[in-house]
1. So residue 172 passes all but one of these: (1) basic (Lys, Arg); (2) open to solvent by 50 Å² or more (accessible area, probe 1.4 Å); (3) closer than 27 Å to residue 24 by Cβ. Which condition number does it fail?
2. Check off (1) assigned to a loop (DSSP other than H, G, I, E, B); (2) more than 30 Å from residue 31 (Cα to Cα); (3) among the basic types (Lys, Arg); (4) in contact (Cβ under 8 Å) with a residue 24 or more places away in the chain for residue 140 and give me the number that stays unchecked.
3. I'm trying to understand the selection: among the residues of region 43-73, which are assigned to a loop (DSSP other than H, G, I, E, B), out of contact with any Pro (no Cβ under 8 Å at 6 or more places or on another chain) and modelled with pLDDT under 85?
4. For residue 153, indicate whether it is modelled with pLDDT under 95 and either open to solvent by 10 Å² or more (accessible area, probe 1.4 Å) or under 21 Å from residue 41 (Cβ atoms) (or both).
5. Of 116, 111, which residue is within 19 Å of residue 5 (Cα to Cα), outside any loop (DSSP other than H, G, I, E, B), modelled with pLDDT of 95 or more and not hydroxyl-bearing (Ser, Thr, Tyr)?
6. Restricting to region 75-86, give me the number of residues that are touching a residue at least 40 places away in the same chain (Cβ under 8 Å) and within 13 Å of residue 112 (Cα to Cα).
7. Got a number for residues in region 20-39 being of a type outside the set (D, E, K, R), within 22 Å of residue 115 (Cβ to Cβ) and open to solvent by 10 Å² or more (accessible area, probe 1.4 Å)?
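The values are calculated or read from the model by the stated rules, or taken from the named source; none is laboratory data. Just so it is clear, the structure is predicted and the values come from calculations on it, not from any experiment. Cβ coordinates were reconstructed from backbone atoms using ideal geometry, including for glycine residues, and neighbour counts include every protein chain displayed. Accessible surface is based on the protein model in full, side chains and every heavy atom, while ligands, DNA and RNA are left aside. Shrake-Rupley method; radii C 1.70, N 1.55, O 1.52, S 1.80 Å.
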Amino acid sequence: MSFNLRHSIIQSLTGYWIFRYKKIVRYLNTDIYDVIGTQEVTWFNKRYLIKHMSNYNVVGDGRGSFLFSNEYNVILLHKKYSITKYKTYSLSDNIEVLGTKISGYKFPRICTIIHCNFENNKYLIINTHIDNSSSDNKKKMLDILEEILHREKEEDELVIITGDFNMSMNKKIEKFISDNKLKNIFSNNDKS
């Protein structure tokens, strides 16, 4: 599952999270989801999720920007999965340095990855939030995401990608799915 918590600086300052957090946790904390990719998570939101999502590991670092804009793309992974490693990458020309961004973006963008095991299966889970700017910028971020996927994917790992891609299904995202032998679970055309 992918869930954008819809953080914004103005809403967080006025306490908008206060009106939603109990409903969000009640909705997510049903034990029917193994993997929940979240976007627009603040430090406060992450602390709250850690405290109240007791059946899940809450994994991911902030994007390295300042104060209210230091969002996280945390992955909530059911504790029945064994995490072997995780990392948060920058969706920029320097993927290793959080806080960096591609020229023209307002904020840095990130991608959180987890390697884990469950019932003799190995998984690579990726969660991201693509910038909502121009099509060219989105294409650059998809290319960086593909680089991270190729860097991280180990032999025999099943791949799960969640996120807010800020785009409808188009040729860029279809090519990304096809080139990486992924399956779009929302597609009506099951070709696999």
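1. Unmet for residue 172, out of (1) basic (Lys, Arg); (2) open to solvent by 50 Å² or more (accessible area, probe 1.4 Å); (3) closer than 27 Å to residue 24 by Cβ: (3).
2. Among (1) assigned to a loop (DSSP other than H, G, I, E, B); (2) more than 30 Å from residue 31 (Cα to Cα); (3) among the basic types (Lys, Arg); (4) in contact (Cβ under 8 Å) with a residue 24 or more places away in the chain, the lone unmet condition for residue 140 is (1).
3. Of everything in region 43-73, those that are assigned to a loop (DSSP other than H, G, I, E, B), out of contact with any Pro (no Cβ under 8 Å at 6 or more places or on another chain) and modelled with pLDDT under 85 turn out to be 66, 70.
4. no
5. After applying the criteria, what remains is 111.
6. Number of matching residues: 3.
7. Adding up the residues that qualify gives 2.
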